[in-house]
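Contents: one structure, followed by commentary.
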Amino acid sequence: MADYPTTALGCLPALGWNSWNTFTWDINESLIKDVADLFVSDGYKDAGYEYIVIDDCWSLKERDENGRLVPDPAKFPNGMKAVADYIHGKGLKFGMYSCAGTHTCAGHPGSFEHEFEDAKQFAEWGVDYLKYDYCFKPRHVSGELLYKRMSLALKNCGRDILFSACNWGEDNVHDWIRESGAHSYRSTGDIQDNWESIKRLALSQMDKKAFTGSFCHNDMDMLVVGMHGGSNSDWIGSGLGGCTDTQYKTHFALWCIMGSPLMIGCDIRKATPFTKELLQNKNLLAINQDPESRGAYRIAVEPNWFGKDDAFVLVKALQNGDLAIGLFNFTDNTRELTLQFWDIGLPYQSGYSLSLYDCFTDTDLGMFRERFARHVPAHDCVVVRAKLTR
Ligand code: GLA
């Protein structure tokens, strides 16, 4: 165990649920309460998920006469404090959404030039997490400045609020976001519930590994695990047919090993046993929540005629000296993938072997000296936790 407090706000990637991927505009108090109930009764809370986040479309289209944001009374008849109280009553945390621009992406009021009063309002409602989007940003204003502004407002609003920046990787965000004070930052465009999108987002972040770490995590966007085409938005995927369970498994493994925040995006009221088990896989979650939050590096697999984007290994150094190792097969055929231990810093002459533990089947695979090879089905992956052993 780490001998420093990983419970500090934003130290580890956030774990939770967000309303957008499945429900977009169709949100309300009873849905959020159902999710909070299920977090407790279905094991998500025990697995480590804590934030329940309401995304866009929670407010009226106009501020009130005092310039305050107004929750839509048809969706949240008892206001946001009541929602926060309910979530807190379950021992969970409450997240909301606003935007650095004049309007949110769905056209509701944004926080531009209202940052300090909105931060105070969120604190009064009992908000613990703020996702902060990038639509309708006045062109003459620097986005960097606006994230610094909201960060300052949140850090001084009298409540611990995790600041989840969401500017889709624009404007070289990785160059300036950590210094703004944000705890995580979206570095990709929006995910869609299909395999092409998962591959595209993951590959786009391979060279960003140096820009993630404790207190400012690279957010690869919310999970589509278990959606199976169940969004009410055509764009996110109602028309795309969703993914196979194997593809969702690979998606989850990538987001875990690459250290992304994990915000569940499916309707957990309808989660299949496979979906639930995947989202609650304790071995994968432990890799994602490793106290040191190091980025994962990619190395090529043997045979070396695989393109680097077709089949590859991701390696993440863990705090206790173990390595998380994922073998990923993005091709459409089963492949035998081989990892040479030399390539991860373990020469044969060291005298060490790796004792490998399969994170999906929960089994010891035994000791390996020099290399590890597996037949990996199309779109699938193998993730092991490796311990150096003499
Ligand atoms: C943007 C964000 C999404 C979601 C929508 C809401 O597209 O990237 O995650 O918050 O806005 O309108």
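The values are calculated or read from the model by the stated rules, or taken from the named source; none is laboratory data. Remember, it's a predicted structure, so these values are computed and weren't measured experimentally. Backbone-built Cβ (ideal geometry, glycine too); neighbour counts: all protein chains shown. SASA here: full protein model, heavy atoms, side chains in, ligands and nucleic acids out. Shrake-Rupley method; radii C 1.70, N 1.55, O 1.52, S 1.80 Å.
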Quick one: would you say HIS174 is touching a residue at least 12 places away in the same chain (Cβ under 8 Å), within 15 Å of the chain's Cα centre (by Cα) and more than 16 Å from the ligand (Cβ to nearest atom)? no
Assess whether ASN66 counts as being without any contact (Cβ under 8 Å) to a residue 24 or more places away in the chain and either under 21 Å from the mean Cα position of the chain (by Cα) or open to solvent by 40 Å² or more (accessible area, probe 1.4 Å) (or both). yes
ask   = Given the structure, is ASP128 touching a residue at least 60 places away in the same chain (Cβ under 8 Å) and within 16 Å of the ligand (Cβ to nearest atom)?
value = no
- Query: Among the residues of region 181-194, is there at least one that is assigned to a helix (DSSP H, G or I), away from the ligand (no atom under 16 Å from the Cβ) and at pLDDT 95 or above?
  - Reply: no
Checking the structure you have, find out if any residue of region 200-207 is away from the ligand (no atom under 16 Å from the Cβ), assigned to a loop (DSSP other than H, G, I, E, B) and open to solvent by 50 Å² or more (accessible area, probe 1.4 Å). no
| Is it the case that some residue within region 163-170 is in a helix (DSSP H, G or I) and either in contact (Cβ under 8 Å) with a residue 24 or more places away in the chain or within 16 Å of the ligand (Cβ to nearest atom) (or both)? | yes
query: Is it the case that VAL83 is free of Cβ contacts under 8 Å to residues at least 12 places away in the same chain and not basic (Lys, Arg)?
result: no
Check: Out of curiosity, is ASN333 open to solvent by 50 Å² or more (accessible area, probe 1.4 Å), over 26 Å from the mean Cα position of the chain (by Cα) and not charged (D, E, K, R)?
Finding: yes
Is region 47-63 home to any residue that is free of Cβ contacts under 8 Å to residues at least 40 places away in the same chain and either in the same structural domain as SER233 (by TED's automatic domain parsing) or within 22 Å of ASP160 (Cα to Cα) (or both)? no
Checked region 106-124 for anything open to solvent by 60 Å² or more (accessible area, probe 1.4 Å) and either outside any helix (DSSP H, G or I) or within 16 Å of the ligand (Cβ to nearest atom) (or both); matches are GLU113
Cβ pairs under 6 Å, 6+ apart or interchain, first in region 17-29 and on the phi > 0 side of the Ramachandran plot and within 12 Å of the ligand (Cβ to nearest atom), second modelled with pLDDT under 95 and open to solvent by 20 Å² or more (accessible area, probe 1.4 Å), ordered by first then second residue, are THR24/ASN232; THR24/SER233
Scanning region 24-34 residue by residue, those assigned to a helix (DSSP H, G or I) and in contact with a Ser or Thr (Cβ under 8 Å, 6 or more places away or on another chain) turn out to be LEU31, ILE32
- Task: Would you check if there is a residue in region 144-161 being open to solvent by less than 10 Å² (accessible area, probe 1.4 Å) and within 28 Å of GLY237 (Cβ to Cβ)?
- Result: no
Of those in region 336-361 that are free of Cβ contacts under 8 Å to residues at least 60 places away in the same chain and of a type in the set (Phe, Trp, Tyr), the residue surrounded by the most Cβ atoms within 10 Å (Cβ to Cβ) is PHE341
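Residues of region 235-260 being part of a helix (DSSP H, G or I) and within 14 Å of the ligand (Cβ to nearest atom), which ones?
TRP235, ILE236, GLY237 - these are the residues of region 235-260 that are part of a helix (DSSP H, G or I) and within 14 Å of the ligand (Cβ to nearest atom).
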